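The structure appears below as structure tokens.
Every read-out reported here was derived from the displayed coordinates using simple, explicitly stated rules and does not represent laboratory data. Keep in mind the model is a prediction, meaning the values are calculated, not measured. Reconstructed Cβ throughout: ideal geometry from the backbone, glycine too, with neighbour counts over all protein chains shown.
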Amino acid sequence: MIIVLMGAPGAGKGTQADLLSERAGYRKISTGDALRKHVKLGTKVGKLAGEIMARGELVPDNVLLDVLKEEIGPKSNDVIILDGYPRNLAQAETLMKVVEADHPVRGCVHLDVSRSNLIARLSGRRVCSGCGSSFHVSGNPPKKDGLCDKCGGSLYQRPDDDAKSISVRLDVYDSSTKAVLDYYQKRGNYCKVNGEGVTDEIFKELTDAISTCLN
């Protein structure tokens with residue numbers, strides 16, 4: 001069973017997906033992580049995606065879907081938290097057709113965060129150059145300034161985390177994902193969760209929303 005976790009950049013999807021995996025035992029699949037893994041392993045689809053990314057192009061929907069199918073795997077009783085997919089209406093519709101038989105999409109949970117809060121979160125984000133872990137200069141600072149708590153790698157600010165770039169990214173997100181949210185609302189399996197506040201409180205609301213979708 002699949003739960004689609006939606007939210008704008010900076011909404012905290014990655015953090016909450018990790019907690020859902022660690023505490024609730026759900027299986028997390030991030031399309032970004034999956035892409036990087038397959039490229040690194042040199043799988044057939046990974047080689048194709050790597051060639052596309054090396055040219056500076058966006059990975060097309062059909063290749064992204066192939067990566068996703070590899071990660072989802074055969075039919076199982078797992079509850080899968082899907083982070084980062086679908087990003088547009090075409091992907092949402094294709095996902096339903098391709099995996100519905102073995103992995104029905106039981107719900108879409110939307111982490112809702114105000115634009116001003118998203119900008120504040122993203123502009124203060126720092127990412128580990130080694131393992132990719134995220135920190136925040138005020139909300140979740142590393143124990144040692146500039147160094148990752150997990151692997152000791154150096155932290156950096158992503159080029160697209162400056163205020164101007166953030167605003168553009170949020171505009172793109174809004175324009176591409178509104179149709180996705182509408183799609184799940186019309187299907188009757190959409191739920192919105194307040195993504196602002198204490199991490200554990202957000203986690204509690206998320207688990208309650210997911211339980212409702214699954215039952």
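At 7 Å along Cα-to-Cβ for each site, give me the label-to-label distance between Thr199 and Ala163 in nm.
About 2.7 nm, to one decimal.
Sort out for me the Cα centre separation of region 165-215 from region 59-128, rounded to whole Å.
11 Å
Roughly how big is the chain's charge dipole about its Cα centre, with Cβ charges of +1 (Lys, Arg) and -1 (Asp, Glu), in debye to the nearest 20? Walk me through the numbers on the way to the answer.
Values: 30 positive and 28 negative charges, 67 e Å.
Around 320 debye, computed over the chain.
Suppose R0 equals 30 Å. What FRET efficiency, 1/(1 + (r/R0)^6) with r the Cβ-Cβ distance, do Ser176 and Ser116 give to the nearest 0.05?
With a Förster radius of 30 Å, E is 0.90.
What is the order of Ile80, Ile2, Ile52, fewest Cβ neighbours within 10 Å to most?
Ile52, Ile80, Ile2
Of Leu19, Leu122, Leu58, Leu147, how do they rank once you tally other Cβ atoms within 10 Å and put the fewest first?
Final ranking by Cβ density, sparse to dense: Leu58, Leu147, Leu19, Leu122.
First select every other residue whose beta carbon is under 12 angstrom from the beta carbon of Thr94; then total the charges, Lys and Arg +1, Asp and Glu -1.
The answer is -1.
So who's got an amide H within less than 5 Å of the one on His136, skipping anything under 5 residues away but keeping other chains? H placed 1.01 Å off N, in plane.
It is Arg126, by chain and number.
Considering the convex hull of the alpha carbon atoms of the chain, report its projected area averaged over all viewing directions, in nm², one decimal.
Approximately 12.0 nm², given one-decimal rounding.
For Lys69, list the lysines whose Cα falls under 23 Å from its own Cα; do not include residues on the same chain fewer than 8 positions away.
Correct list for Lys69: Lys13, Lys28, Lys37, Lys40, Lys44, Lys47, Lys97.
Against the empirical 2.2 N^0.38 Å scaling, what ratio does the C-alpha Rg of region 131-181 come to? Numbers along the way, then the final one.
On the way: Rg = 14.7 Å, N = 51, 2.2 N^0.38 = 9.8 Å.
Here the Cα radius of gyration is 1.50 times the empirical estimate.
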